[in-house]
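All remarks here apply to the structure that follows.
The values are calculated or read from the model by the stated rules, or taken from the named source; none is laboratory data. These figures come from a predicted structure and were not determined experimentally. Here the Cβ positions follow ideal geometry from the backbone for every residue, glycine too, while neighbour counts run over all protein chains shown. These area figures cover heavy atoms from the full protein model, side chains too; ligands, DNA and RNA do not enter into them. Shrake-Rupley method; radii C 1.70, N 1.55, O 1.52, S 1.80 Å.
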Amino acid sequence: LLEALEGGTVTEDLIDRSARRVLRLAARTWASPLAAAPPEPPEDLRPLAARAAARGIVLLKNDGLLPLDPGRLRRVALIGPDADLGQIQGGGSARVNPERAVGVLEALRVRLPAVEVGFERGCVLADLPSPLGFPLLTTPDGAPGAVVEYLHRDGDGKVAETAASLDLFWLREVVPGLPVGAVRVRVRGQLHPAEDGAHQLMLAGSGRSRLLMDGLPVLEQRAAVSDDAIFDLRDGEARGWLQLRAGERRQLTVEFEPGGARGLARLRVAMVRPEPPDLMDRAVALAAGAEVAVVVAGHPPGWETEGRDRPSFALPGQQDELVWRIAEANPRTVVVLNTGSPVAMPWVERVAAIVQLWFAGQEMGAALADVLIGAVNPSGKLPVTFPARVEDAPSWATYPSSGDGTVRYAEGLGMGYRAIRAGCPRPRFAFGHGLSFTSFRLEAPEVSVTGQGEDTTYLVRVPVTNTGARPGREVIQLYARPDPDPDRPEKELKAFAGVELEPGETALVTLRIPRRRLRTWSEGGWRLPQDPVPTFLGTSSEDLPFRLQLPPPSPTGYREG
């Protein structure tokens, strides 16, 4: 930047403006000493978190099974290796310490008090076990989580706090004012095994750590993890087996001496639960005896993270086999995908419903339960394309590299839905796709224009009616092809708008497209279309029943209408 400033390609005024933007962001997010103290939050933000989580859930498929009618249910089978708790967030820098986490099993039992909700894991995901947390781990006083104590290495002073789970990450100094080498961390909690058998414990950290059970050493991890590998601790973990009995309380202690040169530190303690030989058979039997089976399938914690690709497009472990067998035992099967990205679905035609849950935060369980029983009508839309096969992805032919360390981004602009042309494989679920518990009717749109020249804005108005029996939300999407160049995508999303409607209600939805949004980059400059622009309107990138034209701008300008 200094060279650019001295060479005259960047001005001091431009640097000042950029710095002010950073300072404004810091002030707005309370991340700067310049910021005022954050306001006191409302009394309870959990309902807001639950609404936000439910709003993002996408109903991919529904053969009429959803929503469930609690009055017609006696038994529901909840199945999946992590279905009782679920994964509320992705790995690496996506992780935060939640106030609490509402598990799927807990939420379903609260929402269905008169229904017997049974749970079986069906299979085990041992590669990346879930970090220990509630209800398997409580503080010595019985609160969720564990007590984390910070001590000076010489033994003077102690500060304690509570952690919801044992995936602890320090992005700044572990103890302000003290170097990393002067700090010790001690974690204390009570382990509450839920079943008998051999449990595998995993310990990893960016320094030296030791795990004790009832005061006796169980695991020790001495190899310090480099700062570069701190987001993925698999290479430096220690594992060991321990026989535990259900309901038998054990005292867990972890001693940790942080290491690392940049002040970053991380400690992770996880546990793989037993895998008896009849684990999947028990899940199949539970599903066969229930009116509805809900299979929560997904990725273990840390599977989706920065710095490392997923090893496969398939669900890890035996989850696909589990879904096949559950669907065979009970045709009224719902698959809930607790993932942050698309996966293969070889069983897609065999299950009655598929719900894309994502990683929906601490109220994820409550949000999913509300959608399953119809207390919330799902309205999420896919922000990515779900291909039927990984081979259909535009980058399949060129990624990863051929071995020389070079990756060619040969797909150019043809990513996701923008790569789909006549003759291309159709996606499993299209960009923008998302079903509802109600139905909507779109009527013919009308186009008007306001402004002139660079200030030209196109207004597309479309009447939308809720033709079903439930309140719901629809998202109207407008795609255009501003450049007929055959190397450019055949359609590009240019505007969208959501509308919430009561049964029988009609609203006029307006989409605004500033002319500059139709620009394309070519040969080092922006190019605006001079001819009418083909435009497509509907409710997903594949469901576009209306075709219209955006007229070229007039040199004398337009009046609206």
- Among the residues of the range 267-313, write down those that are part of a strand (DSSP E or B) and basic (Lys, Arg). 268, 308
- Item | Residue pairs meeting the criteria (Cβ under 8 Å; at least 6 apart or on separate chains; first in contact (Cβ under 8 Å) with a residue 24 or more places away in the chain, in the range 373-390; second open to solvent by 40 Å² or more (accessible area, probe 1.4 Å) and aromatic (Phe, Trp, Tyr)) | 390/396
- Condition test on residue 514, is it touching a helix residue (DSSP H, G or I) at 6+ places or on another chain (Cβ under 7 Å) and more than 27 Å from residue 429 (Cα to Cα)? no
- Message: Any residue at all in the range 306-321 that's free of Cβ contacts under 8 Å to residues at least 40 places away in the same chain, of a type in the set (A, V, I, L, M), exposed (fewer than 15 other Cβ atoms within 10 Å of the Cβ) and more than 23 Å from residue 116 (Cα to Cα)?
- Response: yes
- Select, from 273, 310, 266, 332, the only residue that is under 14 Å from residue 81 (Cβ atoms) and among the charged types (D, E, K, R). 273
- Restricting attention to the range 512-524, and to residues there that are modelled with pLDDT of 90 or more and not basic (Lys, Arg), which single residue is most open to solvent (accessible area, probe 1.4 Å)? 514
- Query: Cβ-Cβ below 8 Å, separation at least six or inter-chain, first residue in the range 478-491 and in a loop (DSSP other than H, G, I, E, B), second open to solvent by less than 60 Å² (accessible area, probe 1.4 Å) and among the acidic types (Asp, Glu): which pairs?
  - Reply: 481/492; 482/492
- Message: Of all residues being of a type in the set (A, V, I, L, M) and open to solvent by 80 Å² or more (accessible area, probe 1.4 Å) in the range 40-54, which is modelled with the highest pLDDT? Just the residue, please.
- Response: 48
- Item | Every residue from the range 497-521 that is of a type outside the set (Lys, Arg), over 29 Å from residue 376 (Cβ atoms) and either in a loop (DSSP other than H, G, I, E, B) or in contact (Cβ under 8 Å) with a residue 24 or more places away in the chain (or both) | 513, 514, 518, 520
- Run down 283, 270, 293 and say which single residue is touching a Gly at 6+ places or on another chain (Cβ under 9 Å), buried (at least 24 other Cβ atoms within 10 Å of the Cβ) and either under 29 Å from residue 132 (Cβ atoms) or free of Cβ contacts under 8 Å to residues at least 40 places away in the same chain (or both). 283
- Message: From the list 528, 537, exactly one residue is under 32 Å from the mean Cα position of the chain (by Cα) and open to solvent by less than 50 Å² (accessible area, probe 1.4 Å). Which is it?
- Response: 537
- Message: I'm checking my understanding of the structure. Among residues of the range 213-225 that are assigned to a strand (DSSP E or B) and open to solvent by 10 Å² or more (accessible area, probe 1.4 Å), which one is farthest from residue 250 (Cα to Cα)?
- Response: 220
- Task: Determine whether the range 296-303 contains at least one residue that is in contact (Cβ under 8 Å) with a residue 12 or more places away in the chain and open to solvent by 40 Å² or more (accessible area, probe 1.4 Å).
- Result: no
- Note on the structure: Of (1) assigned to a loop (DSSP other than H, G, I, E, B); (2) open to solvent by less than 20 Å² (accessible area, probe 1.4 Å); (3) farther than 19 Å from residue 94 by Cβ, residue 366 satisfies every one except (1)
- Only residues that are open to solvent by less than 10 Å² (accessible area, probe 1.4 Å) and either assigned to a loop (DSSP other than H, G, I, E, B) or basic (Lys, Arg) (or both): list them for the range 331-347, please. 339, 343, 345, 347
- Message: I'd like to know if the range 46-63 contains one or more residues that are touching a residue at least 40 places away in the same chain (Cβ under 8 Å) and over 24 Å from the mean Cα position of the chain (by Cα).
- Response: yes
- Query: Do we have any residue at all in the range 239-247 that's exposed (fewer than 14 other Cβ atoms within 10 Å of the Cβ) and among the hydrophobic types (A, V, I, L, M, F, W, C)?
  - Reply: yes
- Message: over 13 Å from residue 58 (Cβ atoms) and either of a type in the set (Phe, Trp, Tyr) or modelled with pLDDT of 90 or more (or both): is that true of residue 374 in this structure?
- Response: yes
